[in-house]
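First up is the structure itself, then whatever we jot down about it.
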Amino acid sequence: MLQRQGVITGWHDRKNGAGTEWKGAIDQHLNTARVILLLISPDFIASDYCYNIEMRQAMQRHEAGEAKVIPIYLRPCDWKGATFGKLQALPTDAKPVTRWKNRDEAFAIIAQGIRAMVEQLTESSASSSDASSYYKRGIEYLENGHYDLALADFNRAIKIESSASGAWLEWDYYNRGLSYYFKNDAEGWKLGG
């Protein structure tokens, strides 16, 4: 439901197509995500790349206040002393999903926890931001080739400017159109962004 309702846009490295430079794609998403899920299992801890590179990068962004990291305990493993061990995990009481009698219940608790975090982030950014900050960040995303993120910020700016009859509304629409264009989304671009 989180994806269907547009609360989140999910990404994982299996979405990389053939010929994609996978490290660059992973870095791009790790550097722009607002919420990062660590899927904790013995395989995660055993993977040098997951543990030493991806997790370290995620935790640096978390500590800098740039993103929120949520450990999701999937399978039992020895995670005591891990950097992410200080963070509130999901599901409840850090009980791994495979230990729940009803795994659907565990995943529902995980989804509810993610929803609460995203809503908290959205409320805090909406109360501390105005259309111009969304617009400026959208421009940065556009210039760096993060078209989906640019679209999201231009849409937020348009929503705020539309209700306030803002003077920059035409620029919001113009740059949203550019985002669609560079994303090769012909339908969005034809509709005027």
Checklist line | So Q88, is it part of a helix (DSSP H, G or I) and without any contact (Cβ under 8 Å) to a residue 40 or more places away in the chain | finding: no
Check: If we keep just the residues of the range 11-56 that are part of a loop (DSSP other than H, G, I, E, B) and at pLDDT below 70, which is nearest to D148 (Cα to Cα)?
Finding: W11
Next item on the list: Return the total of residues in the range 27-72 being in contact with a Cys (Cβ under 7 Å, 6 or more places away or on another chain) and surrounded by fewer than 18 Cβ atoms within 10 Å (Cβ to Cβ).
Entry: 2
Margin query: Take the residues in the range 91-115 that are polar (S, T, N, Q) and free of Cβ contacts under 8 Å to residues at least 12 places away in the same chain; name whichever of them is farthest from I8 (Cα to Cα).
Written below: N102
Notebook entry, point to check: So which of V97, V69 ends up being modelled with pLDDT of 90 or more, closer than 30 Å to A150 by Cβ and in contact with a helix residue (DSSP H, G or I) (Cβ under 8 Å, 6 or more places away or on another chain)?
Noted result: V69
Notebook entry, point to check: Just to be sure, is A157 in a helix (DSSP H, G or I) and over 26 Å from F182 (Cα atoms)?
Noted result: no
Next item on the list: Considering (1) over 27 Å from D27 (Cα atoms); (2) modelled with pLDDT of 85 or more, say which one I139 fails and leave the rest.
Entry: (1)
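The values are calculated or read from the model by the stated rules, or taken from the named source; none is laboratory data. Since we're looking at a predicted model, the values are computed, not measured. All Cβ positions, even for glycine, are placed from backbone atoms using ideal geometry, and neighbour counts span all protein chains on display.
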